[in-house]
Structure formats: C-alpha cells, structure tokens
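Undergrad: Right, I'll just put the structure down here and ask away after.
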C-alpha cells in the first residue's frame with residue numbers, strides 16, 4: 001500500500017489491484033483518515049481489500065470515503081466481512097436488507113435528539129457493536145456533520161490517580177433510560193425487559209490491539225461497584241462521588257484534541273471502530289432532511 005496520489009480507477013479494474021493504490025489522508029493528529037482510490041462496492045467482493053481496510057481502521061479508528069455510489073446490497077455485503085449485522089429495536093431497518101438501519105430525519109422531527117450526545121453504539125447490549133459502516137443518502141446543504149472521539153487517547157491522558165480509581169470499576173448502560181425515556185411506561189418497561197441494562201468495565205481492553213479504552217458514554221447510568229470502603233467514607237460520598245466521577249469521565253469525549261469532524265455529502269461513507277471511539281451527530285440543520293443508512297456489526301462482550 002502506498003500513500004501517493006493516484007487517479008480514480010475505472011470500474012473494470014479488478015478490486016484486488018486497488019489494495020496497492022489506496023490513498024490515505026490523515027485528518028487530525030488524534031483520529032480519522034480519508035481513503036481515496038477505493039471502491040467499497042468492489043471491496044464487498046474482495047477479501048484482500050477488506051483486510052487492508054481493517055488494518056487502516058485499527059490504526060485510524062474511523063475511515064471516510066467519498067463518492068461511493070454503491071447499492072444497499074453492496075453496503076451490507078462489505079460490512080458483513082467484519083461480522084454479522086444487527087437491527088435496532090427503535091430505528092427501523094431496510095425491509096429488503098436486514099441489518100441496514102435507516103436513520104432518517106425530517107422537518108417533522110424537531111425533538112428527535114437521540115444522536116446529539118457522545119456515545120458508542122448499542123453499549124446497552126451485552127455485546128455492543130464492534131463497528132459500523134454509515135452511508136449518507138441525503139443531507140442538508142450545510143450542517144449535520146458527525147464528530148468522532150478517540151477514547152484510547154482519552155484514557156491515556158487521564159490523570160494517574162483517576163486511572164487508579166477507575167481500574168476495577170464497572171458501570172451500567174441502559175436503553176430504558178435513553179431511547180425508552182420518551183416512551184409510555186408500558187412500552188418503556190417492555191423495552192427494558194427485552195434489553196436489560198448491561199454491565200461493562202469502565203476501562204475495557206480492545207480485543208485486537210490490547211489498548212485500554214475509556215468505555216462510558218451517554219448510555220451509562222451509574223457505577224455498580226463504587227460504594228466500597230475505598231471510595232466512600234459516609235453515605236453522602238456515594239451519591240456525589242460516584243456521579244461526579246462519572247460525569248467527569250463522560251465529558252472526556254468532548255475534548256477537541258481527541259476529535260475529528262466530518263462534513264457529509266451524498267454517497268459519502270464512514271466506517272468506525274465502535275470499541276475505541278465515540279461519536280456525536282450534530283443536530284444543527286432543521287428544518288431539513290438527513291437520511292443515513294448504517295450497517296451495525298455485532299461485537300464481543302467487553303472485558
């Protein structure tokens with residue numbers, strides 16, 4: 001693989017020949033790269049090219065692609081090289097392509113605010129997603145960007161005494177307290193019964209790189225093992241000490257030095273490692289349409 005400029009390859013060129021000509025442009029010092037001279041439709045049929053993209057994903061954590069005029073079937077096929085896909089219990093999927101979730105916003109949805117918080121997808125599952133492949137179908141002429149944060153870097157730069165304090169902590173992640181909050185009580189409780197709160201380590205280990213990752217986000221409600229003699233002198237410490245620490249940790253994703261911001265255009269695509277990043281969809285575009293389609297890839301249980 002080289003990083004020299006190359007002209008776009010014609011469609012008749014075999015996908016395998018593209019693996020040696022991917023152009024990689026890092027977007028920040030912390031996270032993110034734009035790849036050009038690569039066709040994800042071709043990659044959906046080429047395991048060797050997928051392997052090159054996987055290496056780059058582990059290095060840059062989020063990858064961006066422009067001008068990807070691919071079919072939904074190719075979108076799904078490319079994502080499935082990385083694992084099985086899953087539907088979302090609240091957002092609907094394309095009926096002909098299970099696992100391709102439709103994130104469609106329109107001017108009639110001014111109060112739809114689930115995405116504009118720093119989060120990693122589906123951490124309320126026992127096995128959160130390992131990653132996702134997102135394609136822009138339609139977007140506003142201005143606004144509607146998405147931001148990603150490097151949560152490995154967020155952990156590395158924590159003060160040492162905080163790293164020591166959180167080393168053994170676990171936390172709950174809830175769909176009931178997020179997507180379920182605006183539902184009638186019966187539907188909210190049914191959602192929780194289907195997806196009970198998941199417990200994950202506050203610091204997880206990336207299963208492929210071995211890196212330590214700060215793993216709390218907007219779905220995280222509370223620590224489950226904070227109330228110990230080491231942390232709590234009196235009961236008052238439990239309420240304020242635990243909640244203040246959790247707020248501090250969640251806020252780390254909002255540090256600009258850990259981030260990259262991407263401006264969408266139709267047929268732009270992003271792929272990210274959900275294990276080591278968080279993202280935030282900037283809701284600054286009403287009253288406009290924004291249509292995105294996401295293939296979410298089933299991951300493993302954090303450890």
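Undergrad: What distance in nm separates the simple spin-label points at residue 222 and residue 167, each placed 7 Å from Cα in the Cβ direction?
TA: 2.6
Undergrad: Next question, about the same structure. Which distance in nm do the two modelled labels at residue 23 and residue 58 give, with both placed 7 Å along the Cα-to-Cβ direction?
TA: Each label point is offset 7 Å from its Cα along the Cβ direction, giving 2.7 nm.
Undergrad: Taking 0.36 nm per residue of sequence separation and subtracting the Cα-Cα distance, how much length would be gained by fully extending the chain between residue 284 and residue 71, in nm to one decimal?
TA: Details: separation 213, 0.36 × 213 = 76.68 nm, distance 2.85 nm.
Length difference between fully extended and current span is 73.8 nm.
Undergrad: Another question about this same structure. So how far apart, in nm, are the two label points at residue 190 and residue 243 if each is 7 Å from Cα heading toward Cβ?
TA: 3.2
Undergrad: Let me ask something additional. Between segment 210-244 and segment 245-279, what's the alpha-carbon centroid distance in Å?
TA: 23
Undergrad: State, as an integer percentage, the relative contact order of segment 134-207 based on alpha-carbon contacts under 8 Å between residues 6 or more apart.
TA: Over segment 134-207, the number comes to 33 percent.
Undergrad: Run the numbers on the chain and let me know its relative contact order in percent, using alpha-carbon pairs under 8 Å that are six or more apart.
TA: In percent, rounded to a whole number, it is 32.
Undergrad: Going by C-beta contacts inside 10 Å, put 292, 130, 271 in order with the fewest on the left.
TA: Lowest count first: 130, 292, 271.
Undergrad: Now for a separate question. Output the peptides 36-45, 275-284, 255-264 sorted from most to least packed, where packing is the average of other Cβ atoms within 10 Å over each peptide's residues.
TA: 275-284, 36-45, 255-264
Undergrad: Still on this structure: If you average the sequence gap of Cα pairs under 8 Å that are 6 or more apart and divide by the length of segment 165-273, what percent do you get for the contact order?
TA: Values: 113 pairs, mean separation 27.8, N = 109.
Reported relative contact order: 26 percent.
Undergrad: If you line up the long axis of helix 185-194 against the longest principal axis of the chain, both from Cα atoms, how many degrees apart are they, to the nearest 10?
TA: The answer is roughly 70 degrees.
Undergrad: Provide the gained length on full extension for the span residue 160 to residue 257, in nm with one decimal, where the gain is 0.36 nm per separating residue minus the Cα-Cα distance.
TA: 33.0 nm
Undergrad: Order of 222-231, 206-215 by packing, highest average Cβ count within 10 Å first?
TA: Final packing ranking: 206-215, 222-231.
Values quoted throughout were computed directly from the atomic coordinates according to the rules given, and no laboratory measurement underlies them. Note that this is a predicted model, so its numbers are computed, not measured. Cβ: placed from backbone, ideal geometry, glycine included. Neighbour counts: every protein chain shown.
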